[in-house]
Each structure stands twice: as C-alpha cells, then as structure tokens.
1. How would you rank Val192, Val166, going from fewest to most other Cβ atoms within 10 Å of each one's own Cβ?
2. Around Phe135, which amide H atoms from residues at least 5 apart in sequence, or from another chain, sit under 5 Å from its own amide H, with H modelled in the peptide plane?
3. Please give the length that would be gained between Lys162 and Met121 if that part of the chain were fully extended, namely 0.36 nm times their separation in residues minus their C-alpha to C-alpha distance (nm, one decimal).
4. So for region 164-267, taking the charge dipole from beta-carbon charges (+1 Lys/Arg, -1 Asp/Glu), which of Leu188, Leu215, Met164 sits furthest toward the positive end?
5. Give me the three principal axis extents of region 147-268 from the C-alpha atoms, as integers in angstrom, largest value leading.
6. In what order do Glu238, Glu100, Glu94 fall by count of nearby beta-carbon atoms within 10 Å, going from fewest to most?
7. Using modelled backbone amide H atoms (1.01 Å from N, in-plane), which distant-in-sequence or interchain residues come within less than 5 Å of Arg160's amide H?
8. Hey, rough spin-label estimate for Thr216 and Met183, points 7 angstrom out along Cα→Cβ, what's it come to in nanometres?
Amino acid sequence: MDDKVIITCALTGGMTVPAQSPAIPVTVAQIVEDGVRAAEAGASVLHIHVREEATGRPVIEGYGLSETSPFVCCNPIDAKEYSGTIGLAFPSTEVSIRDEEGNELPLGETGELCVRGPQVMKGYWNRPEESAHVFTADGWLRTGDMGVMDDRGSIRITDRKKDMIVVSGFKVFPNEIEGVLAMHPGVLECAVIGVPDEKAGEAVKAFVVRKDPALTEADLAQYCRQHLTGYKKPKYIEFRNELPRSNIGKILRRALREPSATEAARSA
C-alpha cells in the first residue's frame with residue numbers, strides 16, 4: 001500500500017488506525033491532520049523519536065511475520081505511552097523465549113522468540129528440510145528474532161538473531177545502538193552491523209545519514225562514549241547520503257555487509 005492509498009482511506013473516514021512500516025509515517029503525518037486516531041507500526045523496530053516526532057499520533061507497535069499469517073503480538077489500542085515492547089500475544093497464541101538448545105528461559109532473560117498457535121504455518125511448500133529447521137520437536141516456530149518477556153507477558157524484541165554482534169564474547173544488538181544514535185539531533189537515520197575484527201572477533205560499525213551536514217565522526221564518537229558501554233561503541237562510523245532499503249522501506253543490513261562495505265572498515 002502506498003502513501004496515496006493510505007491518505008485517501010484516512011481522509012474518507014474508512015480507516016482510523018492505519019498499519020504501516022516505521023519508514024512511512026513521516027509522509028502520512030504531514031498530510032493527514034484529522035480522522036486518524038492511532039497508527040499501528042510493524043515490519044521493523046519503531047524508535048521512540050519516530051513515534052513522538054514524526055507522527056503526532058499514538059503509534060501502536062505490533063509484531064508478526066509471514067509464517068504467522070501475519071500477527072503474533074500487539075500493544076493495546078488504547079495505550080497512552082510508548083512501552084518499547086511489541087505487547088502481548090494474541091488470543092490462542094503462545095510465545096516462548098528459548099535458548100540455543102530449545103530450553104525455555106526464565107522471565108527477563110534474552111533468547112529466541114518461538115511461537116505456537118492456529119495462525120502459524122504448517123511448513124514451507126515443498127521444502128521439508130527448511131520446514132524442519134524452523135520448527136522445534138514440540139511444534140514451536142523459531143522466528144529468528146531475539147527477545148525478552150517481562151512479568152506481565154509483554155515482549156520486547158532485541159534484534160534479529162543473525163544480526164547479533166559478538167564483541168570479545170559480549171552480545172551486542174544493533175537495534176540498541178541504532179536507538180541511541182537516532183536520538184542524536186544531527187542524525188537522520190542509521191544502521192549498525194558487525195564487521196570482522198582481529199582482536200575482538202567482531203566490531204561495531206555504524207552507517208549514518210546526517211540531518212545536520214556539520215555532524216562529524218568525532219561528534220558521534222563523543223556522543224557514544226557518553227551513552228554506550230565501551231564494547232557497544234561503534235569502532236567505525238561511515239556517513240552516507242542514503243541507506244539501502246527493501247520495497248517496503250526496511251533498511252537492508254545485509255546490503256551493508258557486502259564486501260565493498262566491510263572492506264572500508266578493514267582499511268579504516
């Protein structure tokens with residue numbers, strides 16, 4: 001669905017809670033002044049500055065994937081504050097946070113988010129090996145997303161499992177670093193990946209699109225020293241005019257991992 005369709009539906013009264021990617025709300029909010037009570041965000045992590053500055057409306061964050069047709073969790077529609085979570089599981093849906101061996105973890109510990117429910121697929125069409133890989137022996141779908149559950153049952157996504165960076169044995173989640181960088185007034189948008197490092201195994205690299213043309217690498221380095229633990233600080237910072245995106249607006253970290261991008265980190 002493109003911006004024009006969203007705007008038309010909102011203005012004609014046919015939609016009061018649009019669901020969209022965090023990459024879209026800026027355009028919609030600039031045009032739609034009345035009629036929209038709230039917006040539902042999915043597809044990628046919603047940073048708080050998007051919710052508060054770009055939309056001007058309550059944004060309800062939810063979570064799902066194609067394999068779950070497509071919803072798993074959502075925040076209450078009447079939520080008044082940004083919770084930083086994807087909310088509670090939908091009715092008849094079970095969510096379990098599990099470790100590498102498939103064991104359920106206690107509340108408050110980070111692991112892979114696994115799902116079981118009537119909306120979960122039976123498997124990939126004519127791909128039995130891949131289907132077996134994403135399901136546990138007791139029928140839970142491994143989502144590939146890392147998350148943590150609190151004592152109320154609310155779930156917070158930390159990152160994609162494959163995007164996790166291991167720096168000297170410490171786990172670093174790109175979403176956390178991106179959230180900190182995004183709060184800098186001189187940053188328009190950013191993305192973080194891990195790159196090979198001889199000493200630490202991996203190092204953090206940040207790609208940044210400036211909002212303030214005067215922003216320098218030294219400025220961001222100083223900012224990160226104030227807001228991030230040592231091993232989480234980006235070792236490399238690269239400024240770009242834009243970041244690669246999918247056709248639905250998600251930033252493509254995998255494109256930033258291509259040889260041309262990682263080579264710059266090694267030679268920096």
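Just so you know, all these numbers are worked out from the coordinates, no wet-lab data involved. Being a predicted model, the structure only gives us computed values, none of them experimental. Counting neighbours? That spans all protein chains shown, and the Cβs are built from the backbone with ideal geometry, glycine included.
1. Details: Val192 27, Val166 13.
Exposure proxy ranking, most exposed first: Val166, Val192.
2. Those lying under 5 Å, H to H, from Phe135 are Arg142.
3. On the way: separation 41, 0.36 × 41 = 14.76 nm, distance 2.16 nm.
Taking Lys162 through Met121 to full extension adds about 12.6 nm, to one decimal.
4. Met164
5. That works out to 44, 34, 33 Å along the principal axes.
6. Numbers: Glu238 16, Glu100 8, Glu94 13.
If I rank by nearby Cβ atoms, fewest first, I get Glu100, Glu94, Glu238.
7. Met146
8. So the label points at Thr216 and Met183 sit 2.5 nm apart.
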